[in-house]
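Values quoted throughout were computed directly from the atomic coordinates according to the rules given, and no laboratory measurement underlies them. Note that the coordinates shown come from a computational prediction; the quantities given were computed from them, not determined experimentally. Cβ coordinates were reconstructed from backbone atoms using ideal geometry, including for glycine residues, and neighbour counts include every protein chain displayed.
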Amino acid sequence: MTLDDQAAGPGEVEVTIEVITGEGDLRAIFMDVADDSLLAGMIASGEDVTEAVFAASSVIDLGQGTNVNGNGPCPCDLGVEFGTPGIGSDDIQLTTFVLSHTTENLTLALFEGEAIMVRATSVGDEFSRENSAKTAAIVPEPSVEALLASGLALLAVRRRNARAA
C-alpha cells in the first residue's frame, strides 16, 4: 500500500493498495487520521469505491462482511469499501482512490504514525481462495534520510536563487 500527496491534485492524497502475495479480493481499507476535525468534509473517490464512512474512532464494519472485527487497532476514523462481496462480480487485486476535503488541503502528515487496516476476502492461491485476511500497519513517519535529502535540496535551490539575484 502506498499513500502519495504528490500524485493526485493539490491537497489530495492518493491511496494505492495491491495484493502482492497470492490472490485476494480487496474489500476495504480502514484508517485513522491525526486530526478528527477533518473527517467532516472528507471525500473518497475512485473507480472501485462503493462506500465511504467518516466517523472518529467509530468505523469497524461497513456491512456484508466488510469489517475488521477482532484483532487490530480499529475502530478507526474512516472506512472505504471497494467493489462487491465475493469474486462473482469483481475481483479487485489492485485499486487506487483519492482522499480529498471540501475545504482543506490534505497531506501525508495527516496519516503519519496512524493505524491502517486492509480487509480482503477470497484470499488464497489460484486453486483455493476460501480464506479472508485483515492486515494492520502503522503509517511510518518520514525517514531521517528523506528529511535530510529534502532539506539539502531546499538549500541547493536557495543557494542557486541567491546567486542568480
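Explain nothing, just the number: dipole magnitude of the range 2-164 about its Cα centre with +1 on each Lys and Arg Cβ and -1 on each Asp and Glu Cβ, in debye rounded to the nearest 20. Intermediate results must be reported in sequence, preceding the final value.
Values: 8 positive and 26 negative charges, 164 e Å.
Charge dipole, the range 2-164, about its Cα centre: 780 debye, nearest 20.
In the range 91-127, which chymotrypsin sites (Phe, Trp or Tyr not before Pro) fall in coil by DSSP and have 16 or fewer other Cβ atoms within 10 Å? Mind dumping the intermediate values first?
Details: sites: Phe97, Phe111, Phe127; in loops: Phe111, Phe127.
Answer by residue number: Phe127.
Apply 1/(1 + (r/R0)^6) to the Cβ-Cβ distance of Ile43 and Gln64, taking R0 = 25 Å, and write down the FRET efficiency to the nearest 0.05.
E between Ile43 and Gln64, to the nearest 0.05, is 0.70.
Please report, in debye to the nearest 20, how large the charge dipole of the range 18-68 is about its Cα centre when each Lys and Arg carries +1 at its beta carbon and each Asp and Glu carries -1 there. Working shown, then result.
Values: 1 positive and 10 negative charges, 27 e Å.
Dipole size: approximately 140 debye.
Name the GluC sites (Glu not before Pro) in the range 1-92 that are in a loop by DSSP and that have at most 15 other C-beta atoms within 10 Å, would you?
Taking the range 1-92 and a limit of 15 other Cβ atoms within 10 Å, the loop GluC sites (Glu not before Pro) found are Glu47.
Assuming 0.36 nm per residue, please report the length gained on full extension of the stretch Thr107 to Ile87 beyond their Cα-Cα distance. Let's see the in-between values first.
On the way: separation 20, 0.36 × 20 = 7.20 nm, distance 3.34 nm.
Extra length from Thr107 to Ile87 when fully extended: 3.9 nm.
Along the charge dipole of the range 9-131, which of Val123, Leu110, Val53 sits closest to the positive end, that is, farthest toward it, with unit charges on the beta carbon of Lys, Arg, Asp and Glu (+1, +1, -1, -1)?
Checking the options against the dipole of the range 9-131, the answer is Val53.
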